[in-house]
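The values are calculated or read from the model by the stated rules, or taken from the named source; none is laboratory data. The shown structure was predicted, so the numbers you read here are calculated from the model rather than taken from an experiment. Cβ sites come from the backbone with ideal geometry, for glycine too, and all protein chains shown count toward neighbours. For accessibility, only protein heavy atoms count, side chains too; no ligands or nucleic acids. Shrake-Rupley method; radii C 1.70, N 1.55, O 1.52, S 1.80 Å.
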Amino acid sequence: VTPPSVHIIKDNHTEGPVARGSLVGYTLKVTVQDGPIASVTVTDTLPDGLTYVVDSADPSAGFSAAGQELTWVAGPLASGDYEVTYQALVDGDAEIGTELINTGCVTSDDDTEDGMICDDSEIEVIPASIAFDKSSTFEGESVLRGQTIDYTLEVTVTNGPIHDAVVFDSLPDGLTYE
């Protein structure tokens, strides 16, 4: 008789680097072989720089969160694949240029051969950038005194969000804002 065993694969739902303030979805796929198995415990330790999004755990049955430690307890489970998902927020003070390594593990008292099995998922934190473009619909070469000219300021954020940005336009002497 082959004793039951459990395995885990962890993935994130990002495509490439992420900026501070981004939401990252995670999936932990647990496989039970030669089940049934009485109980499994899945743990996921969030690294500094990530914060669990409250009420995002699915399934929520058997789930608990204590600080950076997320735990699901489930069972009995038949042979097959089971998924748990959640979201985490990249903290506003996450260090730029670092890789946040997030590790998920599974264990079961019934799986005495394998012990704790872990897998990790990495995301790179990149800086957000902001660019400005100023344009006008005016097409002449000279302006008459008292003439109104409309300007447009276009702000482009890449790898956002950006928080508390201030956009300003300094008018040269001789121009007034209306």
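Any idea what diffusion coefficient the chain gets from Stokes-Einstein, in µm²/s, Kirkwood Rh on alpha carbon pairs, 25 °C, 0.890 mPa s? Display every interim value, and only then the final one.
Numbers: Rh = 19.9 Å.
Calculated translational D: 123 µm²/s.
Using a 1.4 Å probe over the heavy atoms of the protein chains, calculate the carbon and sulfur portion of the accessible area of region 17-125 as a whole percent. Provide the component values of the computation, followed by the final result.
Working: 2550 of 5280 Å².
Here it works out to 48 percent.
Along region 130-143, what does the Karplus equation 6.51 cos²θ - 1.76 cosθ + 1.60 (θ = phi - 60°) give for ³J(HN,Hα), rounded to whole Hz, x for Gly and Pro?
In residue order, the calculated couplings are 9, 10, 10, 9, 10, 9, 9, 8, 5, 10, x, 9, 9, 10 Hz.
Given 37 °C and 0.692 mPa s, how large is the Stokes-Einstein diffusion coefficient of region 33-131 in µm²/s, with Rh as the Kirkwood radius over Cα pairs? Intermediate values should be presented prior to the final figure.
Values: Rh = 15.1 Å.
D, rounded to a whole number, is 218 µm²/s.
Sort 143-156, 109-122 by packing, meaning the average of other beta carbons within 10 Å per residue, with the highest value first.
On the way: 143-156: 8.9, 109-122: 14.4.
The most tightly packed comes first, giving 109-122, 143-156.
Given points 7 Å out from each Cα along the Cα-Cβ axis, report the GLU69 to HIS163 separation in nanometres with one decimal.
Taking the two extended label points, one gets 2.8 nm.
For GLU15 and SER135, FRET efficiency with R0 = 45 Å and r from the beta-carbon atoms, rounded to 0.05? Could you put the intermediate results ahead of the total?
Values: r = 32 Å, r/R0 = 0.71.
Using R0 = 45 Å, I get an efficiency of 0.90.
Among DSSP beta bridges lying fully in the chain, give the percent that are antiparallel, nearest 5.
On the way: 54 of 56 bridges.
Bridges in the chain are about 95 percent antiparallel.
Specify the inter-centroid distance of region 10-47 and region 114-178, based on alpha-carbon positions, in whole Å.
Between the Cα centres of region 10-47 and region 114-178 lies a distance of 36 Å.
So if R0 is 30 Å, what FRET efficiency would CYS118 and ILE96 give, r being the distance between their Cβ atoms, rounded to the nearest 0.05? Please list the in-between numbers first.
Numbers: r = 27 Å, r/R0 = 0.90.
Once the sixth-power term is evaluated, E becomes 0.65.
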